[in-house]
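To start, the structure under review is shown below, and the notes come after it.
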Amino acid sequence: MTQEGMQGVAKAYFDKLFTSSNKDYGLVLECVNPRLSEDSNHEITRPFLIDEFREALFNMNSDKASCPEKFNPTFYKRFWSTSGEDLFQTYVSWL
């Protein structure tokens, strides 16, 4: 198998692994009390550029895991060329 083929298999695996089959967050969101003012929220959710996101990621300490899935920044840095756009789009969808 070619390297591109292996990258495709890995990407498909992680896409499936981190895609929720149940995307109805309504009940959960009803329990969350807002902590930010509308002005603060607007500033936080301004359109991010992928370059800003990449810079922030690459400035993170590579051996620290800050997410529940326990992937550290090294994982994301290593696979940035194949999954950076998807990672960025996922991040933007959370905002």
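The values are calculated or read from the model by the stated rules, or taken from the named source; none is laboratory data. Since the structure is predicted, the reported quantities are computational estimates derived from the model, not experimental observations. Please note: Cβ atoms are built from the backbone with ideal geometry, for glycine as well, and neighbour counts cover all protein chains shown. Heavy atoms of the whole protein, side chains included, go into the accessibility calculation; ligands, DNA and RNA do not. Shrake-Rupley method; radii C 1.70, N 1.55, O 1.52, S 1.80 Å.
List of remarks:
- Calculated mean residue ellipticity at 222 nm for the chain: -17500 deg cm²/dmol, from DSSP H runs with n ≥ 4 weighted as -39500 (n - 2.57), summed, divided by the residue count and rounded to 500.
- Helix 3-17 axis, angle to the chain major axis (alpha carbon atoms, nearest 10°): 30
- Over the chain, accessible surface divided per residue gives 86 Å², non-protein components excluded, 1.4 Å probe.
- Rounded to 0.05, the FRET efficiency of the TYR25 and ASN59 pair, given R0 = 35 Å and the Cβ-Cβ distance, is 0.70.
- Of the peptides 74-86, 49-61, 25-37, the ranking by mean beta-carbon count within 10 Å, highest at the top, reads 74-86, 49-61, 25-37.
- Carbon/sulfur fraction of accessible area - the chain, other protein chains in place, 1.4 Å, %: 57
- Given a 1.4 Å probe and the protein chains as shown, LYS70 ends up with an accessible area of around 150 Å².
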